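Peer 1: Quick one: the structure is below, questions incoming.
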Amino acid sequence: MKYYAERNNLLEENFNISFEDLKQHFYKIYMYFANTKCFDVAIKGVWKKPQWEEEYLTIPPLLAPSPETFFMKQLSSNEIYPIFQYYENYTETELFTVIEILYDKICTYDYKNSVINNDVKKEFAIQINNVLQLYDDGYFLEIHSGTITKGANDPVKNMLSEDLSKILPEDIMTKTRTAIKMYYRFDSNMEMKTKAITILADILEPLRDELKDILNHGYETNKNDHDKLIFEIVNNFNIRHTNTKQHENYEHEIWYDWMIQYYSSVIITFYKLKKIKTNLQ
C-alpha cells in the first residue's frame, strides 16, 4: 500500500543516507531475520531426533565449518563475525559482501516435508533494497541471484529481476545474466565492464545471419543496417580489439552504460521476436 506522503508525491526526491546510517539499518534488518530463526540452518544446520534415538545432524550448517571461519575465508579478516560485534566497523566492501553471503545462506526448514525453504530470500532482498537504494547513487540487491549492483536504473533493475528462463535458452540466459551482474557489481571496474559488454556481443556473433532476418522481419529495411550498428560498436570502439584503428576518444563510462543496456536488450528482443515468429509458422 502507498501511504499519504508517497501517494501525494510529498517525499523528498533527493533524500539519501550516510554509510553509517546504512550500517545501522542493515543491522536492524539482519536482527529481524535472525530473531525469526532465518539463519538457524546456516549457523546450526538441521538436527532431528527420531523416537528412541539420539539427536543427529541431517543437514550440516550452510556456514560450515563455522560462521567465523566462513566469513574470515571470504573476506580475509577475523573481524567480520559475530556481526553484532563488528558491523559498525565494516568497510563498504565488507558490508556488501556480508549482505550477499546472508542472502545466499538465508532460509528456513520445513520439518513437515523435510525440505529447505528459500522463499525468505525475496523478503530479505526487498528489506535490504529499501535502504540500499537510499545510499550514495543507489544500490540494488538482485532478487534472483543476490548480487549487489550499483546505480542500475529502473529498466536494468527490471531486466535483472525478470525471469529470463522464460525467454532465453539456458546457456544464453546464463551468459547474459553473468555479463549484466559483472557490469553492475558494486566493485566493478572498467576492465570488468569491458568484459561484460564483450560477453554480450559474443552471444550475438554466431546468430548474425538469423539476427538480420529477425530484426528486419516485416520491415523494408536493409538487412545490414542493424548488423552494422551492432557489431561496429564492439569492433571499432576498443571493446574487443586493440588495433590502431580503434576509437578511444569518448566518454567510456557514459557510453558503456548505453552499450550494456543496448546489447542485453537486443538479445532479449531477438529471442522474443524469434518465439513469436516460430509460433506463427
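Peer 1: Out of region 162-203, which residues are open to solvent by less than 40 Å² (accessible area, probe 1.4 Å), under 21 Å from residue 122 (Cα atoms) and not in a helix (DSSP H, G or I)?
Peer 2: 186, the sole residue that qualifies.
Peer 1: I've got another one for you. List every residue pair whose Cβ atoms lie under 7 Å apart, where the two residues are 6 or more positions apart in sequence or sit on different chains, the first residue falls within region 181-194 and is more than 10 Å from residue 260 (Cβ to Cβ), and the second residue, located anywhere, is among the small types (Gly, Ala, Ser).
Peer 2: 181/145
Peer 1: Next up: What about residue 231, is it open to solvent by less than 70 Å² (accessible area, probe 1.4 Å) and modelled with pLDDT of 80 or more?
Peer 2: Spelling it out, it is not the case that residue 231 is open to solvent by less than 70 Å² (accessible area, probe 1.4 Å) and modelled with pLDDT of 80 or more.
Peer 1: Here are some conditions: (1) more than 23 Å from the chain's Cα centre (by Cα); (2) at pLDDT below 95. Residue 20 meets all but one. Which one does it not meet?
Peer 2: (2)
Peer 1: If only one of 81, 103 is aromatic (Phe, Trp, Tyr), part of a loop (DSSP other than H, G, I, E, B), at pLDDT 95 or above and under 25 Å from residue 149 (Cβ atoms), which one is it?
Peer 2: None of the other options fit; the residue is 81.
Peer 1: In addition: Would region 249-266 turn up any residue that is on the phi < 0 side of the Ramachandran plot, loosely packed, with under 12 Cβ neighbours inside 10 Å and modelled with pLDDT under 65?
Peer 2: Scanning region 249-266, I find at least one residue that is on the phi < 0 side of the Ramachandran plot, loosely packed, with under 12 Cβ neighbours inside 10 Å and modelled with pLDDT under 65, so the answer is yes.
The values are calculated or read from the model by the stated rules, or taken from the named source; none is laboratory data. All figures in this text were calculated on a predicted structure; none of them were measured in a lab. Cβ coordinates were reconstructed from backbone atoms using ideal geometry, including for glycine residues, and neighbour counts include every protein chain displayed. Surface accessibility is based on the protein's heavy atoms, side chains included, excluding ligands, DNA and RNA. Shrake-Rupley method; radii C 1.70, N 1.55, O 1.52, S 1.80 Å.
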